[in-house]
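Input: a single structure, listed below in structure tokens.
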Amino acid sequence: MYGRALKPLALATAAGAALAFGLIFFYAPLDADQGFIQKIFYLHVPMAIVALLGFLAGGVMAAMHLRTRRRAWDMRSYVAIHLSIILAVGVLVTGSIWAKASWGHWWVWDEPMLVSFLIIFLLYAVYQPLRFSIDDPERQARYASVFAISGAAFTVLNFVAVRMAATYTHPRVFSQTGGNMPPAMFLTFLVALGAMALVFVTLWTLELGSKNAAERLRRARRHLQREADGREAGLGGEAGRPRPAAGAPAAVSVSAASAPTPAPR
Amino acid sequence: MPAIPLETAGIYVAAAYIVFLALVLVYVAIIGRKVGRLERELGELEQLGGEPSRDRQR
């Protein structure tokens, strides 16, 4: 399912990224205040928005998992959060680079937007250790879902709290009066945001495809194991089993099938 | 704050975009390797054991 969607998604992502890069460097005007350094805005802000939306999507999918008890929703939630954590690393690094160029400091601790994003990142950094510290798959999925829902609620609260904060060094892109930028910049920003969303969806589909393949592999192993067990039982165990020829594939396959399967990561 | 010179700004901008590209490429490479390994193992198992495909199971 995921493999089929991957090709058109990858093509759309490549086209979107190329268009976004073109608009950023050849169409969008230079910022009168910051000059060329403002080009980081078209990468940093879409990445932050998509990362936060990814955390929210992870929470919604986790809620679907708790509601339907289908493991597929848990896996979708896990992959969305995993990807959002990676994007959040990118947000923190690109934000620091921009801060150094623009403010002269890599990090400003009294800035609510920066610190709140760091808190969200650190919160979700706990997600994977928590998840993989639980061995039982059912409990693992359930606890991870509860965490994902709580994290999503915290993300929304945090965002609202920061918007209400009085002091503001970090620029506010969107306010109640509009985008606070000329149309050429706004269009470029929207294209960059769309391209970033496509990158997220494509990578999400790619990783889910990989998880799907791992699941099929586990099924094949279980199937082989059952077949081998059935053969052994039907033929009366070791004494009645016909001896396979040296290097026969059946013996190889069964031993390969009984190898322990690692937890999905 | 006055805009910093283009040469200096260019380095910062390039650094930010390279960080993003590196993140995506490393991620894709890791997942790609994993998918390749899984598909290979799956193919071997299916060949050896005759695992019915999903379509046939339905």
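Which residue out of A:V89, A:V126 is β-branched (V, I, T) and within 11 Å of chain B (Cβ to nearest Cβ)? If you could, list the steps in order and put the result at the bottom.
Working: A:V126 fails: within 11 Å of chain B (Cβ to nearest Cβ).
Testing whether each residue is β-branched (V, I, T) and within 11 Å of chain B (Cβ to nearest Cβ) leaves just A:V89.
Please note which helices (runs of 4 or more DSSP H) are completely contained in segment A:173-265 and include at least 3 residues that are at pLDDT below 55 and over 25 Å from A:A72 (Cα atoms).
Values: elements: A:183-234, A:237-240, A:249-257.
Correct list: A:237-240, A:249-257.
Any residue that is surrounded by fewer than 24 Cβ atoms within 10 Å (Cβ to Cβ), farther than 19 Å from A:G194 by Cα, β-branched (V, I, T) and within 14 Å of another protein chain (Cβ to nearest Cβ) - is there at least one of those in segment A:63-80?
Yes.
Considering each residue of segment B:1-43, count those that are within 7 Å of chain A (Cβ to nearest Cβ) and among the charged types (D, E, K, R), and give that number.
3
Count, please, the residues in segment A:1-18 that happen to be touching a Gly at 6+ places or on another chain (Cβ under 9 Å) and either part of a helix (DSSP H, G or I) or closer than 30 Å to A:K100 by Cβ (or both).
So the first thing to find is which residues in segment A:1-18 are touching a Gly at 6+ places or on another chain (Cβ under 9 Å), and the list is A:1-3, A:5-6, A:16.
Still in the list and also either part of a helix (DSSP H, G or I) or closer than 30 Å to A:K100 by Cβ (or both): A:2-3, A:5-6, A:16.
Residues in segment A:1-18 being touching a Gly at 6+ places or on another chain (Cβ under 9 Å) and either part of a helix (DSSP H, G or I) or closer than 30 Å to A:K100 by Cβ (or both): 5 in total.
Please determine whether any residue of segment A:77-99 is outside any helix (DSSP H, G or I) and out of contact with any Gly (no Cβ under 8 Å at 6 or more places or on another chain). Steps first, please.
Of all residues in segment A:77-99, those outside any helix (DSSP H, G or I) come to none.
For segment A:77-99, residues outside any helix (DSSP H, G or I) and out of contact with any Gly (no Cβ under 8 Å at 6 or more places or on another chain): absent.
So if I check each of B:V19, B:V28, which one is at pLDDT 75 or above and closer than 17 Å to A:K100 by Cα?
On the way: B:V28 fails: closer than 17 Å to A:K100 by Cα.
Answer to the selection: B:V19.
Tell me which residues, restricted to segment A:186-227, are under 16 Å from A:G54 (Cβ atoms) and of a type in the set (S, T, N, Q).
Looking only at segment A:186-227, we keep the residues that are under 16 Å from A:G54 (Cβ atoms), and these are A:193-208.
Result: A:T202, A:T205.
Does A:H105 fit the bill of being at negative phi, within 14 Å of chain B (Cβ to nearest Cβ) and not in a helix (DSSP H, G or I)?
Details: at negative phi: yes; within 14 Å of chain B (Cβ to nearest Cβ): yes; not in a helix (DSSP H, G or I): yes.
Considered against the rule, which asks whether it is at negative phi, within 14 Å of chain B (Cβ to nearest Cβ) and not in a helix (DSSP H, G or I), A:H105 comes out as yes.
Residues of segment A:217-230 being at the interface with chain B (Cβ under 7 Å from one of its Cβ atoms) and either touching a Gly at 6+ places or on another chain (Cβ under 8 Å) or surrounded by fewer than 18 Cβ atoms within 10 Å (Cβ to Cβ) (or both), which ones?
Going through segment A:217-230, the residues at the interface with chain B (Cβ under 7 Å from one of its Cβ atoms) turn out to be A:217, A:220-221, A:223-224, A:227.
Listed by number, the residues that qualify are A:A220, A:H223, A:L224, A:E227.
The values are calculated or read from the model by the stated rules, or taken from the named source; none is laboratory data. Quick caveat, the model's predicted, so the values are computed rather than measured. When we count neighbours, we look across all protein chains shown, and the Cβ atoms used for this are built from the backbone with ideal geometry, even at glycine.
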